[in-house]
Amino acid sequence: MSFITLAPRHPKSRSEMTDLVVKVDDLVGHLEKQRPIRGQLDISLRVGDTTVSGPMTVSGNIRGTVDGVQAGFDVEATAHMRCVRCLVEWDQPVTATGAQHFSKIPDEDGYAVVDGEVDMGGPAKDELSLSLPAAPIHDENCLGLCPICGNDLNIDPCDGHGDDSDSPFAVLKDLFDS
Ligand SMILES: [Zn+2]
Ligand SMILES: [Zn+2]
């Protein structure tokens, strides 16, 4: 099995050294033809409290259709997440699987065969975005932060707020209550 080389079209910066533009003019209209694809692109993406900043790897297969090509692909990247309850941060591998048809006429997302090439970057990024959690939780049992003192309740149960008679505001409360 031989992967085609995705040659850089604009070798200006490191982030553009590899991209996901694939030549497909020999596949269009040839239903019997297909080839594997593999490439990488540096991306910057934010969905709520999850960000991806770095390489996105795309691998899959492109085959000819009557009026274009059909791509099936897997996307891999490392996401940086922040727990919405306790604000702890961590990195986590994320994957997504997608499919995209490219014809000569752009679809509603604007994807098409242009100059005999397709750009897998857009569809791969779309699919990855959809798979990212907007409100990540580091553990489903995460207790979050104490709303009164901000303690991480996973580390310290913080049970000192039950009786507020010691609080300087207790005097005011008595005043309003009377
Ligand atoms: Zn948490
Ligand atoms: Zn507290």
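So here's what we get for this one:
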item: Net charge contributed by nearby residues that have their C-beta within less than 14 Å of Ala99 (K/R +1, D/E -1); result: -4
item: Order by protection proxy (mean Cβ within 10 Å, highest first), peptides 108-120, 73-85; result: 73-85, 108-120
item: Stretch gain in nm, segment Thr97-Asp159, where the contour uses 0.36 nm per residue and the Cα spacing is subtracted; result: 17.8 nm
item: Alpha-carbon centroid distance for the pair the stretch 67-111 / the stretch 41-65, whole angstrom; result: 5
item: Mean Cα-pair separation over length for the stretch 86-168, i.e. relative contact order, pairs under 8 Å, 6 or more apart, %; result: 25
item: Compactness relative to 2.2 N^0.38 Å, alpha carbon Rg of the stretch 14-138; result: 1.17
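Read the figures in this text as sums done on the coordinates, not as results from a lab. In this text, all values refer to a predicted model and were calculated from it rather than measured experimentally. Every residue, glycine among them, receives a Cβ derived from its backbone with ideal geometry; neighbour counts consider all protein chains shown.
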